[in-house]
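S.K.: This is the structure, below, for whatever I ask next.
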Amino acid sequence: MAAPVNKLMQKTSVQIVLAVLLFLSLTVLADRYLRSAKIDLTDEGLYTLSEGTEGVLSNLDEPVSLTYYFSRSLATPYPQLLSYGKRVEDMLRAFVAENPGKVHLSVVDPEPFSEAEDEAVAAGLKGVPLMDRSTLYMGLVASNTLDGEGAIPFFTEEREKFLEYDLVKLVTSLDTEPRPRLSLLTQLPLQFGPGGPQAMMQGRSQPYVIYEQLQEFFTVEDMAPDFTEIPAETEVLMLVHPPALSDDQLFAIDQYVLKGGRALIFLDPHSEALDPRGTAPSASTLGPLLAAWGVEMPEGKVVGDGAQAQRVQMGGYGPESVKDYIFWLNVSGDFLNGDDIVTGALDNINVASAGVLEPLEGATTKLTPLMTTSSVAMLYDADRAVGMPDPDALLRDLEPTGKSYILATRISGTAKTAYPDRVANAGTPTADPAAAEGELNIVLASDSDLFDDRFWVQLQELLGQRIVVPIAGNGSFVLNLADHISGSDALLALRGRGISKRPFEVVDRLRREAEAKYLTEEQRLQDDLANMEDRLAQLESAEADGTSVLSPEMEEEKERFRAQLLETRRALREVNRSLRAEIESLGNWLAVINIVLVPFLLIVFALVRVYVRRRRAASR
């Protein structure tokens, strides 16, 4: 009976060896030929490209070269930074896999004092200085064959959620094709930032983030307040809290939209961005145009919403100073149209002192709401939003109407001119006759404060660059609206991805233990070093003053201290080197466990089960 068992064991051993060889062979073949194949099992599809990204990459006219400078070896002691750096590389490789003929990637580890580091610096990348005086780089340089160039100086963790968007923005910025023309009319200092031109010249202000984002994808033409006609070749007309307009100007807008022109309009019953310290509401209107389009925005009214009120610090300290301010709304969830291609991917939009939009009875147009209030809402006089409103008083006065009000809407369908007499008296038809009616393609919103940085982003400075950290989707809302209404869908699927951070609990624990072990020794050496330097300074001070003559014993002690000083410094360098080596060793072992050991153990486990079953069958 022993012979068959031995024979069976020999056969099983051969099967294990063959299985291991097969596994290794498949791994090599997959790495060589199947790198573009992927399965994304992350919660939010972190490694799956959006449709907009796929469209941009598939339609590249010119080859794009990407050079990713990542100090992988220096990032080893920092698991989260290392993980983010790897994620950037994975995303870039996904770009290459989408269009390998047009997208080319080089990954460089710029070691300290190397030519690669010099190249990174020359390309304008920013590095983070580390404790050992080395510099960690994690930036990207892009170029194409038409001399288009661009760079991301440093991939900050604050922008991780918007990694795909930033990469696509960089790639599209290389394109030398004319961008869509967007004509902008506004009273707000969008191109200068808070404080206007004077504050910008004094270095106290920068353009609003949304304005900068629009410039990255559109040719933005700022219209003068006294314009007489819509600029030629306008593909999108954007009105953001426009000034009071004459009938001639309103007629120009009327004819533009009736003849198929596309418009984004942001009105406001009270613009807090224009005059935060104003004593009266700052309102904007388009006169008779809204009625002609089948919509009304009640004058002098702002909406308060008890269910979507933002929690705001209203002076003072402690929990009592944080209150629900029902004029500042955080619109989210079901109150954003989930079926619309623009708002369906957004989490939230912040608005302030907004009005409401109501359809007119008998209108021939159709309103498709994009953003609404809850039913715990009512209208207030706009005067109550001026100055220093009392949040508690506003909340006490809230008597919900049970109605959900429209804050932003698409307007489509056939509309007639708001100036029929002008059209009738236009005279002999010309090459571009006046239009009596036409099909509308308009988005209308009842708030313009959503453009103001303070309502939707946190701004930080890092390595000389301004870091934009969105806390709401206002920028995506405006940019995607402009992109979609201009006829391009490139950016619509570029939603903010989920943060890919996951706590490396085991790795962090092991790293902390290694640091504790070495840092304790380092602290002891530092204390010894400080004591020896003090004692040596005392001896040298006494010698320099000539107040005492050093005895042979003191001279000997002095030399001994110098020798110990050098030895202690050497020991400190060794401690730092050992700490980094242990952490690198930990990373290597984790890689071995994940890549080789776990699959190997699974194979062995499966083969052992087969062996046990066969042995049981043979013993019967």
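S.K.: Please pick out the residue among GLU111, GLU117 that is touching a strand residue (DSSP E or B) at 6+ places or on another chain (Cβ under 8 Å), over 22 Å from PHE217 (Cβ atoms) and among the acidic types (Asp, Glu).
M.R.: Only one candidate passes the filter, namely GLU117.
S.K.: Another one. Can you confirm whether LEU407 is surrounded by 15 or more Cβ atoms within 10 Å (Cβ to Cβ) and either more than 21 Å from ASP268 (Cβ to Cβ) or at pLDDT 95 or above (or both)?
M.R.: Here the answer is yes, as LEU407 does meet what is asked.
S.K.: Filter the range 242-258 down to residues that are touching a residue at least 60 places away in the same chain (Cβ under 8 Å) and touching a strand residue (DSSP E or B) at 6+ places or on another chain (Cβ under 6 Å), then give me how many there are.
M.R.: Residues that pass the stated criteria total 2.
S.K.: Of all residues in the range 326-372, which are out of contact with any strand residue (DSSP E or B) (no Cβ under 7 Å at 6 or more places or on another chain) and either within 15 Å of GLN310 (Cβ to Cβ) or among the charged types (D, E, K, R) (or both)?
M.R.: Across the range 326-372, the qualifying residues are GLY333, ASP334, ASP339, GLU361.
S.K.: From the list VAL468, VAL478, which residue is over 30 Å from LEU440 (Cβ atoms) and either at pLDDT 65 or above or over 18 Å from the mean Cα position of the chain (by Cα) (or both)?
M.R.: Matching residue, one of VAL468, VAL478: VAL468.
S.K.: If you don't mind, another one. Quickly run through the range 144-171 and pick out the residues that are within 8 Å of the chain's Cα centre (by Cα) and hydrophobic (A, V, I, L, M, F, W, C).
M.R.: First, the residues of the range 144-171 that are within 8 Å of the chain's Cα centre (by Cα): 158-163, 165-166.
Correct list: PHE162, LEU163.
S.K.: If you take just the strands (runs of 3 or more DSSP E) that sit entirely in the range 243-346, which of them hold at least 1 residues that are modelled with pLDDT under 90?
M.R.: Answer list for the range 243-346: 309-313, 322-332.
S.K.: For the range 88-107, which positions are in contact with a helix residue (DSSP H, G or I) (Cβ under 7 Å, 6 or more places away or on another chain) and over 11 Å from LEU66 (Cβ atoms)?
M.R.: GLU98, ASN99
S.K.: Would you confirm whether or not the range 76-92 contains a residue that is part of a loop (DSSP other than H, G, I, E, B), in the same structural domain as SER58 (by TED's automatic domain parsing), at pLDDT below 90 and not hydroxyl-bearing (Ser, Thr, Tyr)?
M.R.: Checked against the condition, which is being part of a loop (DSSP other than H, G, I, E, B), in the same structural domain as SER58 (by TED's automatic domain parsing), at pLDDT below 90 and not hydroxyl-bearing (Ser, Thr, Tyr), the range 76-92 yields at least one hit.
S.K.: A follow-up question, please. Looking only at the range 277-304, which residues are under 25 Å from ALA393 (Cβ atoms), of a type outside the set (A, V, I, L, M) and either crowded, with 16+ Cβ neighbours inside 10 Å or in contact (Cβ under 8 Å) with a residue 60 or more places away in the chain (or both)?
M.R.: Within the range 277-304, GLY278, THR279, PRO281, SER282, PRO298, GLY300, LYS301, GLY304 meet the criteria.
S.K.: Can you tell me which residues in the range 193-209 are touching a Ser or Thr at 6+ places or on another chain (Cβ under 6 Å) and either of a type in the set (Asp, Glu) or crowded, with 18+ Cβ neighbours inside 10 Å (or both)?
M.R.: GLY193
S.K.: Out of all the residues in the range 122-143, which are more than 26 Å from HIS104 (Cβ to Cβ) and assigned to a loop (DSSP other than H, G, I, E, B)?
M.R.: LEU130, MET131, ASP132, ARG133, SER134
The values are calculated or read from the model by the stated rules, or taken from the named source; none is laboratory data. Keep in mind the model is a prediction, meaning the values are calculated, not measured. Virtual Cβ from ideal backbone geometry, glycine too; neighbours counted across all protein chains shown.
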